[in-house]
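S.K.: Please find one structure pasted underneath; my questions will follow.
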Amino acid sequence: MDYDLIVIGSGPGGYHAAIRAAQLGLEVACVEKGDVGGVCLNVGCIPTKALLHVAHTLEEGKHASDYGVSFGEPTLDLKALEAWKAGIVKKLTGGVRQLFKGAKVELVEGEARFTDAHTLQVGDRKLSAKAFIVATGSRPISIPGFEIDGDRIVDSTGALLLSEVPKRFLALGGSAIGLEFADVYAALGSEVTVVELLDRIVPTADADAGKALHQALAKRGITIKTGTKAVSQKKTKAGTEVTVEGKDGKRDKIVVDKVLVAVGRAPNGKGLGLEEIGVVVDERGYVPTSDTMQTNVPHVYAIGDVARAPLLAHKAMKEGLVAAEHAAGKKVAYDTLVPAVIYTNPELASVGMTEAEAKEAGFDVRVGSFPLAASGRAMAMGVGAGMVKVIGDGATDLVLGVHIVAPGAGDLIAEAALAMEMGTTLEDLAATQHPHPTLSEGLMEAAEHAHGKAIHVANKRR
Ligand SMILES: Cc1cc2nc3c(=O)[nH]c(=O)nc-3n(C[C@H](O)[C@H](O)[C@H](O)COP(=O)(O)OP(=O)(O)OC[C@H]3O[C@@H](n4cnc5c(N)ncnc54)[C@H](O)[C@@H]3O)c2cc1C
């Protein structure tokens, strides 16, 4: 065998797996057909967050006059912005190459395909290994009639390229990707509309948190149409005319300059030769695994977006570590919570169950909430919209879920994730001193509220 382990794909899942396996003494290669760092570093998490930082800076500047500071009209140098964003990506992807070198992971550039259960074809090379980790990620899906042309109609990768700011921008899809780009383009000055098929944006989020985000984005001037289906589009003199249809069957037309199709992603499980070597790939292209990340063929692991939802980088990383450690002979299993964040302004972050999920699971739920309007720190930051909601088990007081809509909610949620991993109760959260004045106090206050002893809000138990 050429290697102990070959990882296919160098996204966050793949590169974490390759490095950890090498740290544990395995001879490792990582095959990558595209850009090192995968979707996350090149066209996903990182470049979107760079643009969102710009968006948040613009928003801050706009509202600074509320407290007596005026900057005047901002000017945008899109070439400089593009170069800055590209520079961050280059630094990080170069960093992964360096990490591979340091850990002695061989990077093999090319497309991998199984020719038998222990051999991959990569270009004209045949590479054999004792074990494999499939980390081939996912790709955007499109909707009929809205084929991506990279100009009028783009996917998330196209939306990252800012050669000009469209006057009117339409996001099809009201979940993380659609909303993050809606936020960016609104801050850059576009007139933004979001169309979501289901009855509310971020349908997987807790209903109260989703509502709070909806209100905050609407207040920023973003038009959100829920329960609305994009039916067709055509190019007209005025722009791209998109026909949408409400639940009542009533049709409407929205004319825009750019349409982002952000209706989901499909896993890259097909076309790798997996089925030919006996690995089960489901009809959608996911490669099912056990909690050790092994497929039904035990020496072939699958991690990240190609294995299962949620399609999030940190979940891919953790699964990568589990697969690598298991392949190196360690007794490990994947058994952790997955926090999720939408990096809009404000951010929506959550971990654990929504209130509806907890009720459906049969818990006698105990809920507490805290509006940011009652936070001294939020006030001092000029933040009005936002909330913290905690959900506990009425019988044991264990924390079942936390949902935060606030600036920096993505950072705040880490405390809740740790609390839940450690089996903390709402009482523990309420009893923990939180530094004052910080937004983190919201978590403590929401937990106090759940126990009817909040200081800054009325204690009406729900
Ligand atoms: C616009 C956008 C924003 C996002 N923002 C966030 C965020 O803020 N936070 C978050 O957690 N997640 C975010 N995500 C999701 C995140 O990017 C993915 O969950 C993550 O990249 C999945 O990692 P992965 O390792 O499974 O696969 P990927 O990152 O998709 O990497 C897979 C790699 O495998 C390679 N590959 C595929 N097939 C082969 C083959 N046959 N041979 C060799 N190589 C192959 C591909 O070229 C690719 O480089 C975002 C996604 C998008 C699109």
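S.K.: Among the residues of region 289-317, how many are over 25 Å from SER128 (Cβ atoms) and assigned to a loop (DSSP other than H, G, I, E, B)?
M.R.: Restricting attention to region 289-317, the residues satisfying the condition of being over 25 Å from SER128 (Cβ atoms) are 291, 305, 308-317.
From the residues that got through so far, the ones that are assigned to a loop (DSSP other than H, G, I, E, B) too are 291, 308-312.
Count: 6.
S.K.: Considering region 223-241 alone, what residues qualify as being within 27 Å of the chain's Cα centre (by Cα) and surrounded by 21 or more Cβ atoms within 10 Å (Cβ to Cβ)?
M.R.: Here is the first cut: in region 223-241, the residues within 27 Å of the chain's Cα centre (by Cα) are 223-231.
Those that are within 27 Å of the chain's Cα centre (by Cα) and surrounded by 21 or more Cβ atoms within 10 Å (Cβ to Cβ): ILE224, THR228, ALA230.
S.K.: Going through GLU59, GLU73, GLU106 one at a time, which residue ends up being more than 10 Å from the ligand (Cβ to nearest atom), at pLDDT below 95 and surrounded by 14 or more Cβ atoms within 10 Å (Cβ to Cβ)? Explain how you work it out, then say what you get.
M.R.: Values: GLU73 fails: surrounded by 14 or more Cβ atoms within 10 Å (Cβ to Cβ); GLU106 fails: at pLDDT below 95.
Exactly one of GLU59, GLU73, GLU106 is more than 10 Å from the ligand (Cβ to nearest atom), at pLDDT below 95 and surrounded by 14 or more Cβ atoms within 10 Å (Cβ to Cβ), namely GLU59.
S.K.: With respect to VAL244, determine if the residue is surrounded by fewer than 23 Cβ atoms within 10 Å (Cβ to Cβ), under 28 Å from GLY150 (Cα atoms) and either of a type in the set (Asp, Glu) or in contact (Cβ under 8 Å) with a residue 40 or more places away in the chain (or both). Even if it seems obvious, please write down each step before you answer.
M.R.: Working: surrounded by fewer than 23 Cβ atoms within 10 Å (Cβ to Cβ): yes; under 28 Å from GLY150 (Cα atoms): yes; either of a type in the set (Asp, Glu) or in contact (Cβ under 8 Å) with a residue 40 or more places away in the chain (or both): yes.
For VAL244, the condition - surrounded by fewer than 23 Cβ atoms within 10 Å (Cβ to Cβ), under 28 Å from GLY150 (Cα atoms) and either of a type in the set (Asp, Glu) or in contact (Cβ under 8 Å) with a residue 40 or more places away in the chain (or both) - is met.
S.K.: Next question. Restricting to region 398-431, count the residues that are polar (S, T, N, Q) and either assigned to a loop (DSSP other than H, G, I, E, B) or crowded, with 23+ Cβ neighbours inside 10 Å (or both). Show your work before the answer.
M.R.: Filtering region 398-431 for residues polar (S, T, N, Q) gives 424-425.
Cutting the leftovers down to either assigned to a loop (DSSP other than H, G, I, E, B) or crowded, with 23+ Cβ neighbours inside 10 Å (or both) gives us 424.
Counting residues in region 398-431 that are polar (S, T, N, Q) and either assigned to a loop (DSSP other than H, G, I, E, B) or crowded, with 23+ Cβ neighbours inside 10 Å (or both) gives 1.
S.K.: Look at PHE181 and say whether it is of a type in the set (Phe, Trp, Tyr), touching a strand residue (DSSP E or B) at 6+ places or on another chain (Cβ under 8 Å), touching a residue at least 40 places away in the same chain (Cβ under 8 Å) and part of a loop (DSSP other than H, G, I, E, B).
M.R.: On the way: of a type in the set (Phe, Trp, Tyr): yes; touching a strand residue (DSSP E or B) at 6+ places or on another chain (Cβ under 8 Å): yes; touching a residue at least 40 places away in the same chain (Cβ under 8 Å): yes; part of a loop (DSSP other than H, G, I, E, B): no.
Considered against the rule, which asks whether it is of a type in the set (Phe, Trp, Tyr), touching a strand residue (DSSP E or B) at 6+ places or on another chain (Cβ under 8 Å), touching a residue at least 40 places away in the same chain (Cβ under 8 Å) and part of a loop (DSSP other than H, G, I, E, B), PHE181 comes out as no.
S.K.: I'd like the full set of residues that are more than 7 Å from the ligand (Cβ to nearest atom), part of a strand (DSSP E or B) and β-branched (Val, Ile, Thr), limited to region 19-31. First the steps, then the outcome.
M.R.: Here is the first cut: in region 19-31, the residues more than 7 Å from the ligand (Cβ to nearest atom) are 19-30.
Subsequent filtering for residues that are part of a strand (DSSP E or B) retains 28-30.
Matches in region 19-31: VAL28 only.
S.K.: Also, quick follow-up: Could you grab me the full set of residues in region 79-128 that are of a type in the set (D, E, K, R) and in a strand (DSSP E or B)?
M.R.: Looking only at region 79-128, we keep the residues that are of a type in the set (D, E, K, R), and these are 79, 82, 85, 90-91, 97, 101, 104, 106, 109, 111, 113, 116, 124-126.
Once the filter is applied, which keeps residues that are of a type in the set (D, E, K, R) and in a strand (DSSP E or B), region 79-128 yields GLU106, GLU109, ARG113, ASP116, ARG125, LYS126.
S.K.: Could you go through region 32-54 and let me know if any residue there is away from the ligand (no atom under 16 Å from the Cβ), under 24 Å from the mean Cα position of the chain (by Cα) and aliphatic (A, V, I, L, M).
M.R.: Going through region 32-54, the residues away from the ligand (no atom under 16 Å from the Cβ) turn out to be none.
No, the conditions are met nowhere in region 32-54.
S.K.: If the Cβ limit is 9 Å and pairs must be 6+ apart or interchain, which residue in region 149-166 that is within 11 Å of the ligand (Cβ to nearest atom) and part of a loop (DSSP other than H, G, I, E, B) pairs with which residue that is at pLDDT below 95 and of a type in the set (S, T, N, Q)?
M.R.: Filtered contacts from region 149-166: ASP155/SER142.
S.K.: Take the residues in region 167-186 that are more than 12 Å from the ligand (Cβ to nearest atom) and surrounded by fewer than 23 Cβ atoms within 10 Å (Cβ to Cβ); name whichever of them is farthest from VAL261 (Cα to Cα).
M.R.: Selected residue: LYS167.
S.K.: Does GLU421 fit the bill of being charged (D, E, K, R), farther than 20 Å from ALA209 by Cβ and touching a residue at least 60 places away in the same chain (Cβ under 8 Å)? Before you say what the answer is, go through the steps one by one.
M.R.: Values: charged (D, E, K, R): yes; farther than 20 Å from ALA209 by Cβ: yes; touching a residue at least 60 places away in the same chain (Cβ under 8 Å): yes.
Yes.
S.K.: I'm checking my understanding of the structure. Among residues of region 348-387 that are in a loop (DSSP other than H, G, I, E, B) and in contact with a helix residue (DSSP H, G or I) (Cβ under 8 Å, 6 or more places away or on another chain), which one is modelled with the lowest pLDDT? Even if it seems obvious, please write down each step before you answer.
M.R.: Narrowing region 348-387 to residues in a loop (DSSP other than H, G, I, E, B): 353-354, 361-364, 375, 381-386.
With the extra rule that they be in contact with a helix residue (DSSP H, G or I) (Cβ under 8 Å, 6 or more places away or on another chain), the set shrinks to 354, 375, 382-386.
Numbers: THR354: 98, SER375: 95, GLY382: 89, VAL383: 89, GLY384: 81, ALA385: 88, GLY386: 95.
Top of the filtered list is GLY384.
S.K.: Another question about this same structure. Taking GLY210 as meeting all but one of (1) away from the ligand (no atom under 16 Å from the Cβ); (2) in a loop (DSSP other than H, G, I, E, B); (3) under 28 Å from GLU357 (Cβ atoms), write down the number of the exception.
M.R.: (2)
The values are calculated or read from the model by the stated rules, or taken from the named source; none is laboratory data. Since the model is a prediction, treat every value here as computed from it, not as a measurement. Because the Cβ atoms are built from the backbone with ideal geometry, glycine has one as well, and the counts that use them run over all protein chains shown.
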